[in-house]
């Protein structure tokens, strides 16, 4: 059977990708952030997952306002990095895992999570920046990746509870998979940031740090947090943090936090990184 | 009906709800068209003619695009993930756009972020702002 051994929460700020791609990670502005990523890279290279399920949001790239799927699961063999307006990022093609992805799609839908199945899509910074953060700059990504894109751009995004419950259903699906697979799930986006309007640039360190801590200490509080609290307290685009609850829901009750990092700013955004090992 | 008016109390924030999606659809889809290099080139060579391909844009939406009124675009249904594609076409960063929308130069905005960002205190509610 498959087994979800750990969850990773991380921001997916596009400027972090640009800093890596342009070789700026040792510059004074970026060095403290990237120093904080080193332990996570070491951890992931030791874990050697067979597959990563990566929860992220598309930013008007593969999807636009034409069609807005709430949850879209990529079942393809590969996903090319997207041209987001200045050419695709110079990173490897993302290889999928169609067997597990199709199994997940079937299992989720028959368990009444009516997700969208995607056979072809490019993946934007929302997916590739977390890979760069945790893997550096390899010639090939070290594991296949199953993309799970969540709508957090058009209101209403899914509720925190729905995200958490989706995570639980993902865990059931992975548990029921025939082959022995070691799976790590990523929840990405956030932390506090607002990119638009006169309030652009708002940061709320207290909210963010409480969010990070409550992933282990009080996940129930996070599950019940309404959208307006994210928008008011963590900035309009801070709503991305609901995606971390899919990751948290896919872990059991008995988890251990093995790493946490928080840094302000990366461009417009407060960045967080957390690693949670699943003991159950 | 889902009521999102509670969000209107948050200052300087424009929830991308059904009304804004509806109002801004053609503006945002114009921005989406700039994801293709040949469209960016066509737009740059004659902006007004390129915009004529989007006849459902309102006059105000056209004005905002042509004058690069970044906050104005948000007021008429623009979504930042789409208007930033126009910004990218112009070679402008998110920090430039964020500064422009909040009345700061890019340098002032960048310094504010390095100093910890725009404080949340005083920015939660319009009543708090006074």
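A few remarks follow.
- Each part gets one Cα centre, and for region A:64-137 versus region B:78-130 those centres are 29 Å apart.
- Principal-axis tilt of helix B:80-89 within chain B, Cα atoms, nearest 10 degrees: 50 degrees
- Separation between Cα centres of region A:242-280 and region A:188-207, rounded to whole Å: 17 Å
- Spin-label pair residue A:228/residue B:22, simplified geometry with 7 Å Cα→Cβ offset, distance in nm: 2.1 nm
- With a Förster radius of 35 Å applied to the beta-carbon distance between residue A:262 and residue B:5, the computed FRET efficiency rounds to 0.55.
- If R0 is taken as 56 Å, the Cβ-Cβ distance between residue B:111 and residue A:182 corresponds to a FRET efficiency of 0.80.
- The distance between label points at residue A:21 and residue A:140 comes to 2.3 nm (points 7 Å beyond Cα on the Cα→Cβ vector).
- Helical content of chain A, expressed as a calculated mean residue ellipticity at 222 nm, amounts to -10000 deg cm²/dmol (DSSP H runs of 4 or more residues, -39,500 (n - 2.57) each, divided by residue number, nearest 500).
- Rg and Dmax of the protein assembly as shown, based on Cα coordinates, read 20.3, 61 Å.
- Here the label points at residue B:75 and residue A:120, each 7 Å from Cα along the C-beta direction, are separated by 4.2 nm in the simple model.
- Prolate/oblate/rounded label for chain B (Cα gyration tensor, a/c 1.5): oblate
- Cα-based shape type of region B:77-130, given that a ≥ b ≥ c are square roots of the gyration tensor eigenvalues and the cut on a/c is 1.5: oblate
- Principal-axis tilt of helix B:18-33 within chain B, Cα atoms, nearest 10 degrees: 50 degrees
- FRET E, pair residue B:128, residue A:43, Förster distance 45 Å, beta-carbon r, rounded to 0.05: 0.65
Readers should treat all values here as calculations from the given coordinates under stated rules, not as data from a laboratory. These numbers were taken from a predicted model, which means no experiment stands behind them. Heads up, the Cβs are rebuilt from the backbone with ideal geometry, glycines too, and the neighbour counts pull from every protein chain shown.
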